[in-house]
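Below you'll find the structure, written out as structure tokens, and then a few comments.
The values are calculated or read from the model by the stated rules, or taken from the named source; none is laboratory data. This structure is a prediction, so every number in the text was calculated from the model and none was measured. Every residue, glycine among them, receives a Cβ derived from its backbone with ideal geometry; neighbour counts consider all protein chains shown.
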Ligand SMILES: Nc1nc2c(ncn2[C@@H]2O[C@H](COP(=O)(O)OP(=O)(O)O)[C@@H](O)[C@H]2O)c(=O)[nH]1
Ligand SMILES: Nc1ncnc2c1ncn2[C@@H]1O[C@H](COP(=O)(O)OP(=O)(O)O)[C@@H](O)[C@H]1O
């Protein structure tokens, strides 16, 4: 099924970047900034919930079979397999929020972001990166949520993901966290619903 995204009054913002680059940390804080009025899309995933994660708040946790059935029914705006699990953006809530003129943020991996860049050219795209792969490695280890083998796989993926950086409209280098959050907030605050003065 195709959707016409061009005439919706809201704004779609894609935030992407390697695992451990700081996407969730930066977004969590930037969404609280005064002047920022944006909602985070809740993805579906086949991965198991981590301690503290709630069904329907952090993700819609589903089985791999349920995910594949929804995908085959065309219910995802984009989807990807990331680190062995399936992730996808449900179309319905995004469409409805954009119809209401809201700003919707997708925090998704690079494969998904590339699908959005093709499917929704009006989307605003933000790539979060780190000063170096060494810094990324230290942060992934510091987070303590992944095993050694998983950290290595994520670093290999990061190298590949960094090759797409030029396709994004904006890049935030997450060295100083406060500055990165301020930059994200400024981009989101500027991502107002489009008016009649938009470019043709
Ligand atoms: N393509 C795509 N990627 C997603 C989606 N939701 C989350 N992701 C990405 O999947 C990756 C793994 O997310 P997660 O399991 O929460 O782990 P973590 O972000 O590495 O702690 C991250 O890069 C997320 O941005 C989605 O709906 N679509
Ligand atoms: N600017 C920063 N300086 C130091 N550590 C950071 C910075 N930004 C994020 N972190 C830490 O790096 C780790 C990865 O960040 P996270 O937001 O989970 O990344 P992502 O959502 O992109 O996978 C977390 O432990 C986080 O606290």
If residue 60 satisfies every condition in (1) in a strand (DSSP E or B); (2) within 13 Å of ligand 2 (Cβ to nearest atom) but one, which is the exception?
(2)
Among (1) in contact with a strand residue (DSSP E or B) (Cβ under 9 Å, 6 or more places away or on another chain); (2) over 18 Å from residue 82 (Cα atoms); (3) surrounded by fewer than 22 Cβ atoms within 10 Å (Cβ to Cβ), residue 111 falls short only on (2)
For the range 43-66, the count of residues that are crowded, with 16+ Cβ neighbours inside 10 Å and out of contact with any helix residue (DSSP H, G or I) (no Cβ under 7 Å at 6 or more places or on another chain) equals 8
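From the residues in the range 117-148 that are in a helix (DSSP H, G or I) and buried (at least 21 other Cβ atoms within 10 Å of the Cβ), which one is nearest to ligand 2 (Cβ to nearest atom)?
140
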Where residues in the range 9-36 are on the phi > 0 side of the Ramachandran plot and under 12 Å from the mean Cα position of the chain (by Cα), which of them is nearest to ligand 2 (Cβ to nearest atom)?
22
Do you know which residues across the range 72-90 are surrounded by fewer than 16 Cβ atoms within 10 Å (Cβ to Cβ), more than 16 Å from ligand 2 (Cβ to nearest atom) and under 18 Å from the mean Cα position of the chain (by Cα)?
81
Pairs with Cβ under 7 Å, 6+ apart, first in the range 163-184 and within 13 Å of residue 17 (Cα to Cα) and free of Cβ contacts under 8 Å to residues at least 60 places away in the same chain, second more than 16 Å from ligand 1 (Cβ to nearest atom) and part of a helix (DSSP H, G or I)
170/187
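So that you can scan it fast, the table gives a plain yes or no per residue for (1) within 21 Å of residue 168 (Cβ to Cβ); (2) touching a residue at least 12 places away in the same chain (Cβ under 8 Å); (3) outside any loop (DSSP other than H, G, I, E, B):
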site: 9; (1), (2), (3): no, yes, no
site: 13; (1), (2), (3): yes, yes, yes
site: 21; (1), (2), (3): yes, yes, no
site: 26; (1), (2), (3): yes, yes, yes
site: 29; (1), (2), (3): yes, yes, yes
site: 77; (1), (2), (3): yes, yes, yes
site: 95; (1), (2), (3): no, yes, yes
site: 105; (1), (2), (3): yes, yes, yes
Would you mention how many residues in the range 63-97 are under 25 Å from residue 20 (Cβ atoms) and either at pLDDT below 95 or within 12 Å of ligand 1 (Cβ to nearest atom) (or both)?
15
Which one is nearest to residue 95 (Cα to Cα), of the residues in the range 39-51 that are outside any strand (DSSP E or B) and at pLDDT 95 or above?
41
Hey, does the range 97-104 have a residue that's buried (at least 17 other Cβ atoms within 10 Å of the Cβ), closer than 26 Å to residue 12 by Cβ and either under 13 Å from the mean Cα position of the chain (by Cα) or within 13 Å of ligand 2 (Cβ to nearest atom) (or both)?
yes
